[in-house]
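The values are calculated or read from the model by the stated rules, or taken from the named source; none is laboratory data. The shown structure was predicted, so the numbers you read here are calculated from the model rather than taken from an experiment. Reconstructed Cβ throughout: ideal geometry from the backbone, glycine too, with neighbour counts over all protein chains shown. Surface areas here come from the heavy atoms of the whole protein model, side chains and all, with no ligands, DNA or RNA. Shrake-Rupley method; radii C 1.70, N 1.55, O 1.52, S 1.80 Å.
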Amino acid sequence: MSSSQQPAQAPAPVRLITAFGSPFAHRVEVALALKGVPYELVVEDLASKSELLLAHNPVHRSVPVLLHGGRAVCESLVIVEYVDEAFHHGAAPRILPTDPYDRATARFWAQFIADKCLKPLWLSMWTDGEAQARFARETKESLAVLDAQLDGKRFFGGDALGFVDLAACTLAHWLDVLEEVAGKRLVGDGEYPALRRWAKEYTSDETVRRFLPDRDELVAFFAANKERYTSMVRAAVQRQ
Amino acid sequence: MAGGNVELKLVGQWASAFVTRVKLALHLKGLSYEIIEEDLRNKSELLLSSNPVHKAVPVLIHNGKPICESQIIVQYIDETLVGVGPSLLPADPYERAVARFWAAYIEDKLVAPWDRVFRVKTDEERGEEMKQMLAAVDVLEGGFKECSNGKCFFGGDCVGYVDVILGGAVSYAKANEAIFGAKLFDAAKTPLLAAWMERFCELDAAKAVLQDVDTVVKHGKFLVAKNSARASNN
């Protein structure tokens, strides 16, 4: 399906395959909203994946998947960069900085958040004993680095919300949900003040607010899947 | 960056496939740079101060400013340093997204177990990691088909971003059979990738930059023996 088959004035349709509660899909929804892109939401039941999802993301079979004129873009941060580039127009805010050095810095911190915060955070929630202590320690060390990196800034990139904030969204709205469901407190009272302040800024942003899943529904959702996460993580950790 | 005095330093280490990616990118662009070879058991002040978060190579220092993480460095070079030859990343946003997708896949599904296969302690664990790697190579064969569109490289007619990201590890790919007893890019199983590898090695940049395979074999065998021995001493 090529976009040249569409009439010149009509932009190619945009669909986003998502699933309830996904912070990765949240990143893309905020990006699309920042660029003013209209789209159709296709909500998956990940326990029973649709042909549409499997056809368009055969490699990972996961959400989010952006369909633009029938072509699929997968991996949330790849999609965010794509949205920033493909849908940019005069008045729209930039998600990544325009300066190449600043872009490299933004990509660096997004990768740090993914590898050194979110990965061990997830593992620390669904493990116990020595492994759990190790992952919790790694997560907390990384959160301290992030806290220092914020250094009084409103958002990671400065005054405006951007790429790194989207990369860190789990820490703003999902972290305490996970702590509650897993029964594990990672962040103590008074710890990481800059990150806490950032989390409030992020979740009260007028664009972001529209795409934050209801907290009670998130708790119920993660609680219902707790056993599955625990066994998946156990298998992954045994390999390390 | 137009003209002017471009100062490029690459803090690296000969064995690192991640450093090799950056060297490939710089050579493909015809850019000169100073290489600072690190002893990673005794890290320099320069490395520790320019990459305080990870304390790892490679670090590219451009006019005094450090850039870290090999994929990010390669993108930075592509976006900032006007050299010779076409861009590594395509101009079209969709094609760029496809390239980034496969670069991320290589990192998470091929390079991650590849790193573990040297570090794990038992033959059983090594076998598990190798199985993961080979499964990823199978998927990557499809990725090559998607990216190359029948042409020679992931980037099409010319070497592109994904070629550089995978290319950094080519000497290790060639060394795999001697170290672990299994070909990584086996022409019988993944013919496109096997052919790609031979073609990649013919590039001037590859000849200038890729590590000698026998040296990598020795180094790889040493790493495996060292990590296995550490286990049997417990």
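Of note:
- Selected residue (only one of B:166, B:184, B:89 is open to solvent by less than 30 Å² (accessible area, probe 1.4 Å), under 23 Å from residue B:31 (Cα atoms) and assigned to a loop (DSSP other than H, G, I, E, B)): B:89
- Any hit, region A:212-225, residues being modelled with pLDDT of 95 or more and exposed (fewer than 11 other Cβ atoms within 10 Å of the Cβ): yes
- Residues being more than 7 Å from chain B (Cβ to nearest Cβ), surrounded by fewer than 24 Cβ atoms within 10 Å (Cβ to Cβ) and touching a Ser or Thr at 6+ places or on another chain (Cβ under 9 Å) - total across region A:65-78: 2
- Some residue of region B:16-26 being within 14 Å of another protein chain (Cβ to nearest Cβ) and open to solvent by less than 10 Å² (accessible area, probe 1.4 Å): yes
- Residues satisfying the stated conditions in region A:79-112, i.e. over 16 Å from the mean Cα position of the chain (by Cα), of a type in the set (Ser, Thr, Tyr) and within 8 Å of another protein chain (Cβ to nearest Cβ): A:101
- Residue B:127 being surrounded by 22 or more Cβ atoms within 10 Å (Cβ to Cβ) and either small (Gly, Ala, Ser) or assigned by the TED database to the domain that holds residue B:24 (or both): no
- Given (1) open to solvent by 60 Å² or more (accessible area, probe 1.4 Å); (2) within 26 Å of residue B:29 (Cβ to Cβ); (3) at the interface with chain A (Cβ under 10 Å from one of its Cβ atoms), index of the condition residue B:108 fails: (2)
- Single condition residue B:81 does not satisfy, out of (1) at pLDDT below 95; (2) open to solvent by 20 Å² or more (accessible area, probe 1.4 Å): (2)
- If the condition is being open to solvent by less than 70 Å² (accessible area, probe 1.4 Å) and either among the charged types (D, E, K, R) or without any contact (Cβ under 8 Å) to a residue 24 or more places away in the chain (or both), then region B:192-219 contributes B:194, B:195, B:215.
- Unique match (being at pLDDT 95 or above and either under 18 Å from the mean Cα position of the chain (by Cα) or not assigned by the TED database to the domain that holds residue A:104 (or both)) among A:136, A:167: A:167
- For region A:35-55, the criterion of being β-branched (Val, Ile, Thr) and surrounded by 20 or more Cβ atoms within 10 Å (Cβ to Cβ) is met by no residue.
- Candidates B:144, B:222, filtered to the one that is aromatic (Phe, Trp, Tyr) and either open to solvent by less than 20 Å² (accessible area, probe 1.4 Å) or touching a residue at least 40 places away in the same chain (Cβ under 8 Å) (or both): B:144
- Within region A:220-231, not a single residue is assigned to a helix (DSSP H, G or I), under 21 Å from residue A:105 (Cα atoms) and not hydrophobic (A, V, I, L, M, F, W, C).
- Restricting region B:48-61 to residues that are surrounded by fewer than 22 Cβ atoms within 10 Å (Cβ to Cβ) and touching a strand residue (DSSP E or B) at 6+ places or on another chain (Cβ under 9 Å), the residue that is nearest to the other protein chains (Cβ to nearest Cβ): B:53
- Matching residues, region B:187-203, being charged (D, E, K, R) and not in a helix (DSSP H, G or I): B:189, B:202
- Just one residue in the set B:76, B:94 is within 11 Å of another protein chain (Cβ to nearest Cβ), open to solvent by 20 Å² or more (accessible area, probe 1.4 Å) and part of a helix (DSSP H, G or I); that residue is B:94.
- Selected residue [closer than 27 Å to residue A:69 by Cβ and either of a type in the set (Lys, Arg) or at pLDDT below 95 (or both)] from B:109, B:145: B:145
- Restricting attention to region A:79-90, the residues being touching a residue at least 12 places away in the same chain (Cβ under 8 Å) and either out of contact with any strand residue (DSSP E or B) (no Cβ under 6 Å at 6 or more places or on another chain) or open to solvent by 40 Å² or more (accessible area, probe 1.4 Å) (or both) number 8.
Here is a yes/no grid of residues against (1) of a type outside the set (Ser, Thr, Tyr); (2) away from chain B (no Cβ under 14 Å); (3) touching an Asp or Glu at 6+ places or on another chain (Cβ under 9 Å); (4) within 23 Å of residue A:205 (Cα to Cα):
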position: A:10; (1), (2), (3), (4): yes, yes, no, no
position: A:40; (1), (2), (3), (4): yes, yes, no, yes
position: A:60; (1), (2), (3), (4): yes, no, yes, no
position: A:63; (1), (2), (3), (4): yes, yes, yes, no
